[in-house]
Amino acid sequence: MANKPDFVIPPNIKEKMLSVESAVEYISDSLRSEKSFMFSRFGNIEGEVVAEILLRGNRQPTQHLRSKARNNAGIAKPDNPTLYKFSVEYMASICRADLLGIWNFPDQIRLAQYSHNKHYCHMNYLDPVFTWAHKKIAWTTALKGKKVLLIHPFSCSIEYQYQRRSSINFICEMLPDFSLQTLKPPQTTQRTNEVEFSWWEQLEMFKKQILELDFDIAIIGAGAYGAPLAAFIKQLGLKALHLGGSTQLMFGIIGARWESRGYMKSIIANGWKRPFEEEKHSNSNLIEGGCYW
């Protein structure tokens, strides 16, 4: 991330960019309202795939990109038809977001120019740990009393940490009481050659599981399934927060990606833990150097 260029925002996006205060207020108000709502963001690898196929019109991505799609994002069985179908579905899902968080990656900025979302913001402003650390504001306060579904691979760690949240440094200040249930998304990062079904088939099967659950708000960290699941949940008339990788931080779960960030050094203290060992699958170190563990 240190190699990203300067954050240059095109005029049609800049006029709809929210400040950190406005973004948190908008999300919080939306969570308290009766209307459906969705925020989302481009995953790094997912954005690369969509840009290569839809922006540059390359229906035959390189083996290097195909491997990253499989290993990092979890796009199961990434043959050409699957990657094209993924790109179309992912971009259509991004377009349904009421608020889109963006990084200063040129391809993501270009894609965001075509998504025509109601609002945009810097991706960090979606992260409640970041906003609480810098401004003492977070949309998590609007979760109070809600039925919250957490879609994330670290479901056991999340449930464990939520029960002891009052003893977790920093998290005890920003995480209120709510009804929590968890659901593991398809686990297809680094195991794709072992799975029976394609990304699309996995997505459709997982949607059926969601239909059986009772919840108000879904918070999602699910790799390449994240944005499409969020769009599906919004279509159900509910609220979906596609937070992505930083979801684990909400519950005081350490990941190598965040340990070196200056603002996190005083936060990661009493009560913080790494994911349970059983949540660390083989070859996890190949996913951006084991960034989530």
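Below is a table of values for the structure above.
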{"read-out": "Scope segment 124-141; condition surrounded by fewer than 21 Cβ atoms within 10 Å (Cβ to Cβ) and either in a loop (DSSP other than H, G, I, E, B) or touching a strand residue (DSSP E or B) at 6+ places or on another chain (Cβ under 6 Å) (or both); matching residues", "value": "Lys136, Ile137"}
{"read-out": "Pick from segment 76-108, criterion at pLDDT below 95 and within 22 Å of Asn12 (Cα to Cα), ranking: surrounded by the fewest Cβ atoms within 10 Å (Cβ to Cβ)", "value": "Pro106"}
{"read-out": "Single residue of segment 110-121 satisfying the filter (surrounded by fewer than 20 Cβ atoms within 10 Å (Cβ to Cβ) and of a type outside the set (S, T, N, Q)) that is nearest to the chain's Cα centre (by Cα)", "value": "His119"}
{"read-out": "3 or more residues within 27 Å of Leu238 (Cα to Cα) and among the hydrophobic types (A, V, I, L, M, F, W, C): qualifying helices (runs of 4 or more DSSP H) within segment 6-80", "value": "20-32"}
{"read-out": "Single condition His134 does not satisfy, out of (1) under 17 Å from the mean Cα position of the chain (by Cα); (2) under 21 Å from Phe7 (Cα atoms); (3) modelled with pLDDT of 95 or more", "value": "(1)"}
{"read-out": "Pairs where the first residue, in segment 187-211, is on the phi < 0 side of the Ramachandran plot and the second is charged (D, E, K, R) and modelled with pLDDT under 95, C-beta under 7 Å, 6+ apart", "value": "Thr192/Arg70; Thr192/Lys77; Ser198/Lys77; Trp199/Lys77"}
{"read-out": "3 or more residues loosely packed, with under 13 Cβ neighbours inside 10 Å: qualifying helices (runs of 4 or more DSSP H) within segment 166-273", "value": "199-211"}
{"read-out": "Residue satisfying condition, being more than 16 Å from the chain's Cα centre (by Cα) and at pLDDT 95 or above, within set Phe215, Phe251, Phe197", "value": "Phe215"}
{"read-out": "Conditions (1) surrounded by fewer than 20 Cβ atoms within 10 Å (Cβ to Cβ); (2) modelled with pLDDT under 95; (3) within 20 Å of the chain's Cα centre (by Cα): number failed by Asn72", "value": "(1)"}
{"read-out": "Filter result for Ser157 (touching a Pro at 6+ places or on another chain (Cβ under 6 Å) and either of a type in the set (Gly, Ala, Ser) or assigned to a loop (DSSP other than H, G, I, E, B) (or both))", "value": "yes"}
{"read-out": "Scope segment 32-57; condition hydrophobic (A, V, I, L, M, F, W, C) and surrounded by fewer than 20 Cβ atoms within 10 Å (Cβ to Cβ); matching residues", "value": "Leu54, Leu55"}
{"read-out": "Flag if Lys144 is surrounded by fewer than 22 Cβ atoms within 10 Å (Cβ to Cβ) and closer than 20 Å to Phe39 by Cβ", "value": "yes"}
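The values are calculated or read from the model by the stated rules, or taken from the named source; none is laboratory data. A quick note: this is a predicted structure, and the numbers were derived from the prediction, not measured. Cβ atoms come from the backbone with ideal geometry, glycine included; neighbour counts cover every protein chain shown.
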